[in-house]
Amino acid sequence: MSHHFIKFSDVSFTYPDGHRALKNISFTVTHGEKVALLGLNGSGKSTLLLQTNGLLMPSAGEVNIGDVPLSRQTLKIIRRSVGMVFQNPDDMLFMPTIFDDVAFGPRNMGLPENEVKRRTESALEEVGLSDVAGKAAFQLSGGQRRSAAIAAVLSMEPDILVLDEPSANLDPLARRNLINLLKSFSHTVIIATHDFSLAKELCPRAILLSDGELKADGATSEIIKSFRY
C-alpha cells in the first residue's frame with residue numbers, strides 16, 4: 001500500500017438492537033498523521049475504531065484503508081495494514097510467554113520461523129521488553145502488559161496503528177514510557193483517549209465525537225479548550 005491513509009465516507013453503523021452508534025461520519029487521516037479521537041463514553045469512539053480493520057463493518061457508507069475499500073473480501077489485506085491495540089491488554093495476551101504472544105500473529109500468517117523470530121525480537125526490543133520475553137503476562141506490570149500488547153501488533157508490521165485508551169490505568173512512569181514509545185513511531189496513528197494531556201502531546205489533530213456524530217475536526221489544543229463534559 002503506497003499511502004497509509006484512512007478515509008471514512010458517510011459512514012453509519014447501527015447495532016442489532018437498533019442503537020445507531022455512528023451517523024454519517026466523514027474524515028481522512030493522511031499518511032503519517034497522529035490523530036486523537038475524543039468524546040464521552042458512548043460517543044461512538046470504540047465503534048469507529050473497530051471499523052478501521054473490519055471487526056465491525058459499516059451499515060452504510062465506505063471505509064478505505066489506502067486504496068483498498070473495506071469489505072468481507074478485503075479483510076485479510078486490511079488487517080495486515082491496520083494494527084489495533086485494545087483497551088485491555090489482557091485481551092491480547094493469552095499465550096504461555098510474552099514471546100509467544102508477540103509471535104502469535106506472524107505465526108498465524110504462516111511466516112517461516114526465522115522470520116517470526118526476527119519480527120518478534122524486533123518488536124520486543126522496540127517496546128523495551130526483550131528481557132521479559134520468557135515471562136508470562138501475569139508476571140508483568142500493567143505498563144509492561146500494555147507495551148507487550150503493542151509489540152504483538154508491531155510484529156505484524158502494520159502501516160497504521162489504532163489504539164483504544166492506551167494510557168488507561170497506567171501509573172505516571174508507565175504512562176510516560178508509553179508516550180515516549182508512541183512518539184517514536186512513524187506510523188499513521190489514531191488514538192481514542194480521555195487523556196487530554198496525552199492527546200495534546202502526541203496528536204496535533206483531534207476528531208471529536210458526540211452521540212455518534214462528528215462534532216469537530218481540527219487542532220487538538222483548540223478542540224480540548226472547547227470540550228464540555
Condition set surrounded by 15 or more Cβ atoms within 10 Å (Cβ to Cβ) and under 17 Å from Ile65 (Cα atoms), scope the stretch 13-31, selection nearest to the chain's Cα centre (by Cα): answer is Val29
Looking at the stretch 147-160, is at least one residue touching an Asp or Glu at 6+ places or on another chain (Cβ under 7 Å) and farther than 16 Å from Leu182 by Cβ? no
Counting only strands (runs of 3 or more DSSP E) wholly inside the stretch 136-225, the ones holding at least 2 residues that are crowded, with 20+ Cβ neighbours inside 10 Å are 160-164, 188-192, 205-210
If we keep only residues of the stretch 121-151 that are of a type in the set (D, E, K, R) and touching a Pro at 6+ places or on another chain (Cβ under 6 Å), then the residue farthest from Gly83 (Cα to Cα) is Arg145
Within the stretch 70-83, of all residues that are under 12 Å from Ile6 (Cβ atoms) and out of contact with any helix residue (DSSP H, G or I) (no Cβ under 7 Å at 6 or more places or on another chain), the one surrounded by the most Cβ atoms within 10 Å (Cβ to Cβ) is Val82
Do we find a residue being charged (D, E, K, R) and touching a Leu at 6+ places or on another chain (Cβ under 7 Å) anywhere in the stretch 148-160?
no
* **Verdict on Ser147 being closer than 15 Å to Asp90 by Cβ, among the polar types (S, T, N, Q), in contact with a Gly (Cβ under 9 Å, 6 or more places away or on another chain) and at pLDDT 90 or above** => yes
* Within the stretch 125-134, is even one residue part of a helix (DSSP H, G or I), among the acidic types (Asp, Glu), in contact with a helix residue (DSSP H, G or I) (Cβ under 7 Å, 6 or more places away or on another chain) and at negative phi? -> yes
Reported set for the stretch 94-121 where residues are crowded, with 22+ Cβ neighbours inside 10 Å and aliphatic (A, V, I, L, M) is Ile98, Val102, Ala103
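The values are calculated or read from the model by the stated rules, or taken from the named source; none is laboratory data. What you see is a predicted model, and the numbers here were worked out from it, not measured in a lab. Please note: Cβ atoms are built from the backbone with ideal geometry, for glycine as well, and neighbour counts cover all protein chains shown.
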